[in-house]
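Here the structure is laid out as structure tokens; the discussion comes afterwards.
The values are calculated or read from the model by the stated rules, or taken from the named source; none is laboratory data. Predicted model only: the values in this text are computed from it and were never measured. All Cβ positions, glycine included, derive from the backbone under ideal geometry; neighbour counts span all protein chains shown. We work out accessible area using only protein heavy atoms, side chains counted, and drop any ligands, DNA or RNA first. Shrake-Rupley method; radii C 1.70, N 1.55, O 1.52, S 1.80 Å.
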Amino acid sequence: LGNTCYLNAVLQGLLSLRPFTLDILSTSLPANANRPKDSFFSILRDLVADVLKKNHGVINPLKLKECIGRNAKRFEGYHQQDAHEFMGEVLNQLHEDLESTMKSLPPKEEASSKLAVHDEPEERFDSSALPTTKNFHCEVQHSLVCPHCGDTRHKNEYFRDFSLDFPEEQMNNPETVSLSQLLRLYFESQYVDYDCEKCSHSTVKVSHTIIELPRVLILHIKRFKPNLEAGRYDKRSDQVSVQERLSLAEFCDLNVRSPPPLTVTRQSCLPVDKENWDPLYASKLTHGVMGGGGTLKGLLPGFSEEEMIAEAVRQSLVEQEAMTLEAAVKKDINTSYQLHSVISHIGSTASSGHYICDAIDPATDRWKRYDDAMVNETPFSTIREEAETNGYIFFFLHEAAFRTLRDQSFS
């Protein structure tokens, strides 16, 4: 597929997120939804299902790349592209494809879809049920306060990721900054030119708080700066300390809402065949090559009646535990996240260099590096050291979801 390491790294980063892939596979649309077979969602869902199969050889995501290129011409060719821009395009096209399909459904067909709601006739589908919304949407409230009359206005905005700047003084300062420090800079209050709607004062103070947490927190480091003389974007290799655990508590509203709870059943994490189960399901994706373990077809075939009865009892306990956890979360919101994967850029400019992805399997606490045709287990100490100067996109999974995947895994 040409020079498409950016595609490999982004797909590995996204498809290593088990909550996201499970939501894609569990999203069902009516048979008469009149969708083309080459729709973005259909292609991505087939790709995810193939990744979860074992001993399938290799998978070439050419169809997905061509689909993206049809709607975004800059990704049509085979030249190096920016991984963050490509990730945004993947999530945008997935969201828009599902959203347009659901909005076009007549009420009867829509009622049969898992994305439907029945008590809001004006809004004929629940956008919060989309995989993109459930996993990546973070709601931020911007508060505009007039320093002259005290008038306060609120504006809410959704984010799928946060693009973090380096401090201005960092250009000539070799000291290491942390991701928490960059987030603190991002959420820092500032005065902006804005006419107060009450007294017409020309400036207001703007503060930002998170009012709904995402299940997956994506942080993008702005490492590329324009070089006007050379006509290119040069890379900043400033050191950023990589944290395995990150708290958003200081940026949250007192009544912040938790992300959607994650319930992992045995059916959703077991393959057709016990003997072929591989907990590290996404073992290879290189220049569009993937390999892995498991498939979601069938209802626990290969298991004895006693095992299935035991599973039914266990699932009942899981559901009760999920309800208890959700009730507890409402009282004491968990604002902590665990590092799940890192996309790094190795090189000096945006148009050259090489992208790799490092991802952890919560079930085993083992990290794997996806570097073109090579996939190897890699110590986190090595990943941390190299990501300090090359880390570009960081994926953090909400701690409750991370624990669910770790505790409810079957290896």
Worksheet item: Within segment 222-266, which strands (runs of 3 or more DSSP E) (wholly inside it) include 1 or more residues that are free of Cβ contacts under 8 Å to residues at least 12 places away in the same chain and over 24 Å from the mean Cα position of the chain (by Cα)?
Response: 224-227, 252-257
Worksheet item: modelled with pLDDT of 50 or more and either of a type in the set (D, E, K, R) or open to solvent by less than 20 Å² (accessible area, probe 1.4 Å) (or both): does that describe Glu229?
Response: yes
Item to complete: Report those helices (runs of 4 or more DSSP H) wholly inside segment 45-123 carrying at least 3 residues which are at pLDDT 90 or above and open to solvent by 10 Å² or more (accessible area, probe 1.4 Å).
Response: 62-71, 83-104
Worksheet entry | When residues of segment 346-375 are limited to those that are open to solvent by 30 Å² or more (accessible area, probe 1.4 Å) and among the charged types (D, E, K, R), the one farthest from Leu7 (Cα to Cα) | Asp365
Worksheet item: Taking Thr176 and the conditions (1) modelled with pLDDT under 95; (2) among the β-branched types (Val, Ile, Thr); (3) open to solvent by less than 20 Å² (accessible area, probe 1.4 Å), which numbered condition does it fall short on, given that it satisfies the others?
Response: (3)
